[in-house]
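The values are calculated or read from the model by the stated rules, or taken from the named source; none is laboratory data. Computed from a prediction, not measured in an experiment: that's the story for all the values here. Cβ coordinates were reconstructed from backbone atoms using ideal geometry, including for glycine residues, and neighbour counts include every protein chain displayed. Surface accessibility is based on the protein's heavy atoms, side chains included, excluding ligands, DNA and RNA. Shrake-Rupley method; radii C 1.70, N 1.55, O 1.52, S 1.80 Å.
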Amino acid sequence: MLVCKVMRQTNPSIPAASQPRLADLLQVERPARYLGGERGSVVKDWATVEVSFALAFPDVYEVGMSHLGSAILYRILNTTAWIAAERAYAPWPDREAQLLAKGEPLTTLESGRSLADFNVVGFSLQYELSYTNLLTMLDLAGIPRRAAARDERHPLVVVGGPCAMNPEPLADFIDCAVLGDGEEVVLELCAAVRAARAAGTGRQELLARLAQTPGIYVPAFYAVTYSVDGRIAAITHHQPAPPSVRRRIVADLEQVPLPDEPIVPQLQTIHDRVAVEVARGCTRGCRFCQAGYLYRPVRERQPDTLAHLVDAALRHSGYDEVSLLSLSTGDYTAVEPLLQNLMSCHADQKVAVSLPSLRVGSLTPALMEEIKKVRKTGFTLAPEAGSERLRRVINKGISEADLLETSHTAFTLGWRLIKLYFMMGLPTETAADLAALVDLAARVKATGRGTQGGADVNVSLSTFVPKAHTPFQWEAQLSREAIWERQEYLRQGLKQRRLRLKWHEAELSVLEGVFARGDRRLGALLERAVALGCRFDGWRDHFRWDLWQQALAETGINLADYLRERQGDEILPWEHLDAGVTKAFLWHERQQARHGETTADCRFGDCCACGVCDFEQIRPRLADRNRLPTPLAGPGAGPAVTMPEALPKIRLTVRKSERAAALSHLEFMTAIQRAVKRAGIPVRWSGGFHPAPRISFGDALPLGVSSEAELVDLDLNAPYAAETALTALNRELPAGIEVLAAQPVGRGEPSAAVSLATALYRVPLPAACPTDLPARLVAFLEAHSVVVERRKKGQALAIDLRPWVAALHLAAGALWLTLQRGSPLPVAAYLFGLSVEEVRALGVCKTAITLRATANGCENKGMN
């Protein structure tokens, strides 16, 4: 039972003293990234906890908030009474520059504390090109980069995730790495920190204890020596560390909780939906796939557990989509009955279900029929290679006939676009394999001929990158020039077939490959790249190959040394890190690939002796197809009403406080829509392929402008009291948004946007206010037109401000604007002689509105 103070259920808020200043946030892109206070976040009283843990994600908020693993750890840590877990993400370069200019540290969203104030800072390593962000985040927090420079004053810097299975490029910068599943070991790590703090033991003693904890790797206790040819000569360990560290495996996922009250972001994230892990592990054995070897054995959650979890997560989030996640969701034993159950429970609430990782052979027409019931979510097929021969080499296990049958079924069922995912540069690839790729993509498109609405295919192409702990870990990777050559061949070939191609830049793939199989010598390269300004290397618009080339030249690192083929007897940088799958098995799989031999999935056949299972605790665990709950009515369904046209609408007057002014209009709309769904208010839905709740909003409020009088209309599908709506919504809305009034309005009344006659804005006077401001107001009102130039998407536009303005006056240290339409920002900017951005930072507020005459001939006025 929790004994600490927790704010979770309603409107979490950050202590005011630690909040980023609104004026600062309005100067950066997407300020909602830095607000915090999201629904479902947890704010604990630090006086009641013993260990503080910062879950740091070395990428932007939208990416980090889409990572389910971080959400799982956030829940596990925060449901432990003596631990406070908070979140931090890599600030976008504009925000980083702002923090540096102001001398402010990188802080967490929950309490606004610097990462340096935490006992543990844990980074999730999902992608090698995020390593520069990790060092940048340490710098911004004032934490010494190198582990050897830290002492008892500094946090323990920990990494986890798939890249932690070869953390050697980061070995100089981290205190320890968690190998494998983190749900159990993260609590053991925190317990060790707690005990060390209570006993007053030093950092070295703590690291020694952690080195003896299964699944925790402490690089400082291992030494690497190199031979004259640059290869690794030996990896030696020092007491008390073991010779090798084996990854942790959660034996039974049913014992691991998933978040049933997810944090609901206030801006759109990469995966903006309820995410549920149905299974972990895949034994299909694709030889290029690191995750397929790192997460063995297959462990499935029971379908009744998942059904109850989805129901709770939808009720607490307000999302309208559920994503069933695993490495191969179509292989989940109970996928069809689970999907049917979810659709029977939630289709009436227009909740769609997506299965983002479906193998061609597992995608049945029955599954596709269920998926399309609400709306057709994305459809991606991954043949990986163009020829049957090359698919045998990589052990993909799908046939061209299966692929074409699946694409034809999809087009027949109404999908208009299919995305095909291929890899280039796979071992033994030839020109014939590339030609087969072009031909296969064209044949997939041809399966859509004659279907209603036509058919289209997009081809997505990545470059093969050899990964540690896979059968292809010894293989060579294509050079930058070779990648260019093959990409151009495929681009031309697909263009001739009228197919579009998207590809990864060669430089990105090369750099990923260097760090994926890198060693400790890359630490110097990382440090130099960060010093030169490398950030967000996985983002095309921010990747600076010129800076990386400079860093490579200055540190003497040769790319070819890391892209080359490895020898069978060679010591690999991760030799002392045991993923469970034996090196002998991986080598055997590589030889099988060379001979074009395939290996069957042990889930459906004999054990392949990969070495992971002990067949007691660690073994495959499959779901029971019959364990499903009776379908229940979902939230917000309400009683059936035969004549919704006879119902009144509910008109809300909503406050958008100064803090919420950092939300864009789209983000504000999304917050309202999700709160309405969480509150169970029975609103009508639109028809068509993408149904949406019938909620109408007034004019879009400019970013940075607060309001006391935003109008929102709810179109009801069943009787619902306005007073009940007000109370229910205020329980569900995020911090900074509040319903001030709710009243029924007739269905014949104009919509919220059409109803507005005028809006009154208060604009605080700037410090350098023009002395002739009263005269400027008079001149403006007497003018027939006031034309200013604004730029939109790079185009110069002439805008006449005069028709926007109904009245102007000065009072109480502010300029008061009464507008008939348009934004107050350019009007105030013109009158003050400032830029729009300078006016935005003043704290403009919409204080009241006037409505047009109603059907009864009356006029409604807002209140100050």
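Tabulated values for the structure
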{"quantity": "Per-region count, the stretch 758-802, residues in contact with a Gly (Cβ under 7 Å, 6 or more places away or on another chain) and either of a type in the set (D, E, K, R) or open to solvent by 60 Å² or more (accessible area, probe 1.4 Å) (or both)", "calculated": "1"}
{"quantity": "Qualifying residues in the stretch 112-133 (those that are part of a loop (DSSP other than H, G, I, E, B) and open to solvent by 10 Å² or more (accessible area, probe 1.4 Å)) - the one farthest from G202 (Cα to Cα)", "calculated": "Y127"}
{"quantity": "Flag for R651 being crowded, with 20+ Cβ neighbours inside 10 Å and part of a helix (DSSP H, G or I)", "calculated": "no"}
{"quantity": "Cβ-Cβ under 7 Å pairs, at least 6 apart or on other chains, the stretch 32-48 side on the phi > 0 side of the Ramachandran plot, far side open to solvent by 30 Å² or more (accessible area, probe 1.4 Å) and not aliphatic (A, V, I, L, M)", "calculated": "G37/S13; G40/R8; G40/E261; G40/H316"}
{"quantity": "Exclusive hit being in a loop (DSSP other than H, G, I, E, B) and either open to solvent by 50 Å² or more (accessible area, probe 1.4 Å) or among the acidic types (D, E) (or both), set R449, R443, R486", "calculated": "R449"}
{"quantity": "Those residues of the stretch 76-103 which are surrounded by fewer than 22 Cβ atoms within 10 Å (Cβ to Cβ) and in a helix (DSSP H, G or I), in sequence order", "calculated": "I76, P93, D94, E96, A97, Q98, L99, L100, A101, K102"}
{"quantity": "Single residue of the stretch 218-259 satisfying the filter (farther than 19 Å from G122 by Cβ and among the charged types (D, E, K, R)) that is nearest to the chain's Cα centre (by Cα)", "calculated": "E254"}
{"quantity": "In the stretch 504-544, the residues that are closer than 20 Å to I270 by Cβ, crowded, with 20+ Cβ neighbours inside 10 Å and aromatic (F, W, Y)", "calculated": "F536"}
{"quantity": "Yes/no for E481 being over 23 Å from L129 (Cα atoms), open to solvent by 20 Å² or more (accessible area, probe 1.4 Å) and at pLDDT 95 or above", "calculated": "no"}
{"quantity": "Those residues of the stretch 736-773 which are over 42 Å from the mean Cα position of the chain (by Cα) and closer than 21 Å to T847 by Cβ, in sequence order", "calculated": "C769, L773"}
{"quantity": "Pick from the stretch 694-708, criterion open to solvent by less than 30 Å² (accessible area, probe 1.4 Å) and assigned to a strand (DSSP E or B), ranking: farthest from V745 (Cα to Cα)", "calculated": "S706"}
{"quantity": "Of all residues in the stretch 361-383 being assigned to a helix (DSSP H, G or I) and over 25 Å from T463 (Cα atoms), the one that is modelled with the lowest pLDDT", "calculated": "S362"}
{"quantity": "Every pair of residues 6+ apart whose Cβ atoms lie under 7 Å, when the first sits in the stretch 441-459 and is without any contact (Cβ under 8 Å) to a residue 60 or more places away in the chain while the second is of a type in the set (F, W, Y)", "calculated": "T447/F411; G448/F411; T451/F411; A455/F411; V459/F422"}
{"quantity": "Restricting the stretch 589-611 to residues that are of a type in the set (A, V, I, L, M) and in a loop (DSSP other than H, G, I, E, B), the residue that is nearest to Y293 (Cα to Cα)", "calculated": "A609"}
{"quantity": "Scan of the stretch 804-819 for residues that are buried (at least 16 other Cβ atoms within 10 Å of the Cβ) and not in a strand (DSSP E or B), ordered by number", "calculated": "W804"}
{"quantity": "Pairs, first without any contact (Cβ under 8 Å) to a residue 40 or more places away in the chain in the stretch 310-326, second part of a strand (DSSP E or B), C-beta under 8 Å, six or more apart", "calculated": "V310/V274; V310/V276; V310/V322"}
{"quantity": "Number of positions in the stretch 384-420 that are closer than 17 Å to L437 by Cα and assigned to a loop (DSSP other than H, G, I, E, B)", "calculated": "9"}
{"quantity": "In the stretch 384-404, residue most open to solvent (accessible area, probe 1.4 Å) [restricted to those that are basic (K, R) and at pLDDT 95 or above]", "calculated": "R392"}
{"quantity": "Residue under evaluation T136, criteria (1) among the polar types (S, T, N, Q); (2) closer than 29 Å to G200 by Cα; (3) over 19 Å from the mean Cα position of the chain (by Cα), criterion not met", "calculated": "(2)"}
